[in-house]
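*Asks:* Okay, here's the structure, questions in a sec.
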Amino acid sequence: MTMVRPPNLAGRARRGLLWTHRWLGLAGGIVMVLIGLTGSFIVFYREIDAALNPALYTPAAPEQRVALSEVIRAAAAADPAPIATILAPDRTWPVWIVIHTHETAAGRYPNRWTTMVDPSNGNVLGRRDYVNAFALKVYRLHYTLLLYEWWGRELVGVAGFTLLGLTVSGLFLWWRKPGRFWRSVSVRKNVSLLRFALDLHGAAGFWALLVLLGLSVTGVGIVFPDVVRPIVGLVSQLTPDPAPRIAAPPSAGAPLLSPDAIMQRAQEAKPGRAVAMLNPPTATRNTWRVQFRPDGADPAVRARGAIWLDPWSGAVVQDRTPDALSLGDRYLAEQLWIHNGATFGLPGRLLVFAAGFAPLVLFVSGAIMWLKRRPGRIRASSPTA
């Protein structure tokens, strides 16, 4: 009687996983390489932007003598378009930066310009097209592949899912037996090109594993917040997301507080915290939003937490600073800073910077492995009888 061997399910599963891993990497590799390299750039994009445009970021003196109302008046005189955001000076950009929203065609990337104001004397240092400045354009390339009108942002999110799948599948394919660990995470010398590519692929994938997992998860969360938010809500209660709005002013004709008064109320509400950004009221949100910069944080952490203020009384309408948020709220608010490594200071940023090159290394080494091992090449290189 002939014995029939049961199918090797583990082997089939591994071959299927390898096939999926290979073709996901080859199909999406170029996009992930581009996202990785631009991601490395934008870890330090503010420093690069300041170095490339010293005239815009060099105040006449280090003192900050100009009040917020004077900053707004100077910016409005230079550009009458509505003001969306005001960035307070910090170590990287030591000037006031006022972002104006200009009319934008439907479906196009928002048309924004910036006015830089010297905090020591209130002079306008310059204006520019914010979204098309070099450093900011690289930022948009990373975030939307410059395809904003053609689902570029969503494509980057899909690339994040792909990176997550490649990272997890690569871990399973790499997994080694006890006693071979160091050999599997190092690159040997004096070996064939194929062996070098195999070693490099495994070592790069292993050493970048945790960072790539973190980048893929936070990247997906940034692009698809409505997908990630319910998942986070399963483990931690979340604060409703819409920005608060005051139903009506206290009385007809009640005067609005000045920007300086709003700044004072914000500082009184959160003593010891530096104001990082302010968003004036808009047609859909009639409250002021004030974001704070954490003391001692890396400059790349632009803000951590915000409060919304009544524009007539200055009362705090909603508090979303870390001490008032749940763990889930804090994670969602911190995603961007985890994504660029700033949460962990300069070492974290350097780690993310280095990890941005991992997709390039993995794609090139994977392509070499595929070219060297593809069936046609194997048949062509096989000795004949």
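*Asks:* Evaluate the relative contact order of the chain (contact order divided by residue number), counting alpha-carbon pairs under 8 angstrom at least 6 apart; express in whole percent. Kindly include the intermediate steps, with their values, before the conclusion.
*Replies:* Details: 571 pairs, mean separation 72.3, N = 385.
Relative contact order for the chain comes out at 19 percent.
*Asks:* Would you mind checking which residues have amide H under 5 Å from THR85's amide H? H placed 1.01 Å from N; only 5 or more apart, or other chain.
*Replies:* Sorted by chain and number, the residues that satisfy this are ILE99.
*Asks:* Then there is this: Where a Cα-Cα gap under 18 Å defines reach, which aspartates and glutamates qualify for LYS137, not counting those fewer than 8 residues away within the same chain?
*Replies:* List returned: GLU47, ASP49, ASP129, GLU149, GLU154.
*Asks:* Pull out a ≥ b ≥ c, the square roots of the eigenvalues of the alpha-carbon gyration tensor of the range 79-171, then state rounded if a/c is under 1.5, prolate if not and a/b is larger than b/c, and oblate in the remaining case. All intermediate terms of the calculation are to be shown ahead of the outcome.
*Replies:* Values: a/c = 3.72, a/b = 1.87, b/c = 1.99.
Oblate.
*Asks:* So what's the net charge close to SER313: Lys and Arg +1, Asp and Glu -1, counting the other residues with Cβ under 14 Å from its Cβ? Before the final figure, lay out each step's value.
*Replies:* On the way: positive: ARG265; negative: GLU268, ASP310.
Net charge around SER313: -1.
*Asks:* At 7 Å along Cα-to-Cβ for each site, give me the label-to-label distance between LEU213 and LEU350 in nm.
*Replies:* Each label point lies 7 Å from its Cα, and together they span 2.4 nm.
*Asks:* Let me make sure I get this right: for the range 278-337, a, b and c are the square roots of the gyration tensor eigenvalues over alpha carbons, sorted descending. Under 1.5 in a/c it's rounded, otherwise prolate if a/b > b/c, else oblate. Which is it?
*Replies:* On the way: a/c = 2.05, a/b = 1.72, b/c = 1.20.
Judged from the Cα gyration tensor, the range 278-337 comes out prolate (a/c at least 1.5, a/b above b/c).
*Asks:* Using the 2.2 N^0.38 Å rule of thumb for compact globular proteins, work out how the chain stacks up: its C-alpha Rg over that value, please.
*Replies:* On the way: Rg = 26.0 Å, N = 385, 2.2 N^0.38 = 21.1 Å.
Output field value: 1.23.
*Asks:* Could you work out the helix-only [θ] at 222 nm for the chain, with each DSSP H run of four or more residues adding -39,500 (n - 2.57) and the total divided by the number of residues, to the nearest 500 deg cm²/dmol? List each step's numbers first, then the result.
*Replies:* On the way: 14 runs with 188 residues, N = 385.
Estimated from H runs of four or more residues: -15500 deg cm²/dmol.
*Asks:* Now for a separate question. Work out, step by step, the length gained on full extension between ASN190 and LEU146: first 0.36 nm times the residue separation, then minus their alpha carbon distance; give nm to one decimal.
*Replies:* Taking 0.36 nm per residue and subtracting the Cα distance, the gain is 11.6 nm.
*Asks:* How large is ³J(HN,Hα) for each residue in the range 259-272, as worked out from phi by the Karplus curve 6.51 cos²θ - 1.76 cosθ + 1.60 (θ = phi - 60°), to whole Hz, x for Gly and Pro?
*Replies:* For the range 259-272, the Karplus-derived couplings read x, 5, 5, 4, 4, 5, 4, 5, 5, 5, 6, 10, x, x Hz, x marking Gly and Pro.
*Asks:* Something else: Which one, LEU125, LEU147, PRO110, projects farthest toward the positive side of the charge dipole computed for the chain from Cβ point charges (K/R +1, D/E -1)?
*Replies:* LEU147
*Asks:* Now for a different question. For every other residue with a beta carbon closer than 14 angstrom to the beta carbon of LEU200, add +1 if it is Lys or Arg and -1 if Asp or Glu, then tell me the sum. Write down the numbers at each step before the final one.
*Replies:* Values: positive: ARG183, ARG188, LYS189, ARG195, LYS372; negative: ASP199.
That works out to +4.
*Asks:* Let me ask something else about it. Take ARG229 and TRP175, extend 7 Å from each Cα along the Cα→Cβ direction, and tell me the distance between the two endpoints in nm.
*Replies:* The modelled label-to-label distance comes out at 3.6 nm.
*Asks:* Can you tell which of SER326, SER192, SER313 shows the greatest fluctuation in a Gaussian network model of the chain with Cα springs below 10 Å?
*Replies:* Answer for the Gaussian network model of the chain: SER192.
*Asks:* Further, regarding this structure: May I ask for the longest run of the chain untouched by GluC sites (Glu not before Pro) that are loop-located per DSSP and have at most 13 neighbouring C-beta atoms (other than their own) within 10 Å?
*Replies:* On the way: sites that count: GLU63, GLU103.
Longest stretch, sites excluded: 104-385.
FYI, it's all coordinate maths here, none of it is from the lab. None of these values were measured; they are calculated from a predicted model. Glycine gets a Cβ as well: all are built from the backbone with ideal geometry, and neighbour counts include every protein chain shown.
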